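See below for the structure under consideration.
The values are calculated or read from the model by the stated rules, or taken from the named source; none is laboratory data. Every value quoted in this text rests on a predicted model; they were computed, and no experiment measured them. All Cβ positions, even for glycine, are placed from backbone atoms using ideal geometry, and neighbour counts span all protein chains on display. With ligands, DNA and RNA removed, areas are computed over all heavy atoms of the protein, side chains included. Shrake-Rupley method; radii C 1.70, N 1.55, O 1.52, S 1.80 Å.
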Amino acid sequence: MAEVRLPPMSYYARATVTVVAVLLVLAAAWTVRNILLLVVIAAVLAIGLDPAVRRLQRWKIPRGWAVLIIFLATIGFFVLFGALVIPPLAREVRQLATDIPGYVTRLTKRSAYFAELERKYHISERLKDVTSKLPSLASSSLRTILGFTKSIASIIFNMLTIGILTIYFLLSLPRTEKIAERMFKGPRRDRNTRILSESIQRIGGYVSGNIAVSLIAGIAAFIALRVIGVPFAAALAIWVAIADLIPSVGATLGALAAVIVAAFSSLGDVILTLIYFIAYQQVENYLIVPRVMRKAVDLSPAAVIVSVLIGGSLEGFAGALLALPLAAAAKVVIREVWLRDRLGVASLEELAPE
């Protein structure tokens, strides 16, 4: 029998050093995971906004000015939402607090039982106290829903960090792509270049496609709510557009707000609003999304649900938003690195979306 020779000690030493180095890097990354999450969000946003910047460049606008236009348009969108939502919401809350004593007085005259409850528990005072605390309660509830556990100052700082990093990444994205392609050497250079290019294309296509679908949802909601006669149609339409960016549950959140506002108008408005959102959701799911996102993200419905659940459980709202573009990029890597040689080019083409 041939003598089996073990690797030299230097082999085990290099393997040990490599494992320890990888563990140290992972530990350091886990320590600063919040910062890395901001970097990943900014990178995904930059890749997603890059098609719009390139489109402006084709109109002979320099890249720097194109990035500034996109950034100002994004800020303007959220400022408009705040201007449309916050003043009327504050006005309605103040009006509700003012009207509560009158509501309670009328109820006590109509119902002896309610009058007794008012005498014992001072319901009107309690309701006024709860109403005065509505802004802080809504703020804390929103932070809980979105997975924000930090202070408002930390949230603002994170948003500013993401905005600044997104601008920087947008400005340097073409140069970064060229540098990354030059770093690929050896016989697998073409494959690695193809992986990078297609991953960026998938992420960019998903983000820009999702934004397009959300804008369509917001415009359609504004027209429908104005026709129905629901109050605050513009603010609700912007909320529908923003909520539609959230995978899986975004459309429901957008519709829920509109239905609640319609409930304060009339029963007919509630029914018509419900019918509209149910009908529009079918149109969006089976007509708009397939056309806009046909080749953006090649993921099955099961993969979409699992990705969103995993991303949401790991990093809350931000993880749910990042789950699909990162899963799409991961699928490109898995397909090119492991599946192409095993299944063959022809099989992969058959599996690709039409």
Next item on the list: Please tell me if residue 254 is within 19 Å of the chain's Cα centre (by Cα), of a type outside the set (A, V, I, L, M) and at pLDDT below 85.
Entry: no
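Per-residue answers, yes or no, for (1) open to solvent by less than 20 Å² (accessible area, probe 1.4 Å); (2) modelled with pLDDT under 85; (3) farther than 25 Å from residue 80 by Cα:
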residue	(1), (2), (3)
222	no, no, no
225	yes, no, no
234	no, yes, no
245	no, yes, no
Note to self: Name the single residue that is modelled with the lowest pLDDT among those in region 65-78 being under 22 Å from the mean Cα position of the chain (by Cα) and open to solvent by 90 Å² or more (accessible area, probe 1.4 Å).
What the structure shows: 78
Next item on the list: Could you tell me which numbered condition residue 151 fails, if it satisfies all but one of (1) farther than 30 Å from residue 253 by Cα; (2) modelled with pLDDT under 80; (3) of a type outside the set (Asp, Glu)?
Entry: (1)
Item checked: Residues located in region 15-34, provided they are open to solvent by 80 Å² or more (accessible area, probe 1.4 Å), of a type outside the set (Ser, Thr, Tyr) and at pLDDT 85 or above -> 17, 19, 23, 24, 25, 26
Notebook entry, point to check: Taking only pairs six or more apart or across chains, which ones have beta-carbon atoms under 8 Å, a first residue in region 24-39 that is touching a residue at least 60 places away in the same chain (Cβ under 8 Å) and within 20 Å of residue 173 (Cα to Cα), and a second residue that is open to solvent by less than 90 Å² (accessible area, probe 1.4 Å) and part of a helix (DSSP H, G or I)?
Noted result: 37/315; 37/318; 38/158; 38/161; 38/162; 38/165; 39/165
Margin query: Please determine whether any residue of region 276-286 is at pLDDT 80 or above and within 22 Å of residue 48 (Cβ to Cβ).
Written below: yes
Notebook entry, point to check: Since residue 230 meets every condition but one in (1) out of contact with any Asp or Glu (no Cβ under 9 Å at 6 or more places or on another chain); (2) over 27 Å from residue 308 (Cα atoms); (3) surrounded by 21 or more Cβ atoms within 10 Å (Cβ to Cβ), which condition does it not meet?
Noted result: (1)
Note to self: I'd like the full set of residues that are part of a helix (DSSP H, G or I) and open to solvent by 30 Å² or more (accessible area, probe 1.4 Å), limited to region 260-276.
What the structure shows: 260, 261, 263, 267, 268, 271, 272, 274, 275, 276
Margin query: So, residue 199, is that one open to solvent by less than 30 Å² (accessible area, probe 1.4 Å), farther than 29 Å from residue 287 by Cα and assigned to a helix (DSSP H, G or I) or not?
Written below: no
Note to self: Just to verify a result, which residue in region 84-104, among those that are among the hydrophobic types (A, V, I, L, M, F, W, C), within 21 Å of residue 240 (Cα to Cα) and surrounded by 14 or more Cβ atoms within 10 Å (Cβ to Cβ), is modelled with the lowest pLDDT?
What the structure shows: 89
Item checked: Residue count, region 1-56 (criterion: more than 28 Å from the chain's Cα centre (by Cα) and charged (D, E, K, R)) -> 3
Check: If only one of 340, 335, 294 is open to solvent by less than 80 Å² (accessible area, probe 1.4 Å), at pLDDT below 70, farther than 24 Å from residue 80 by Cβ and of a type in the set (D, E, K, R), which one is it?
Finding: 340
Note to self: Looking at residue 314 and the list (1) open to solvent by less than 40 Å² (accessible area, probe 1.4 Å); (2) modelled with pLDDT of 70 or more, which single condition is not satisfied?
What the structure shows: (1)
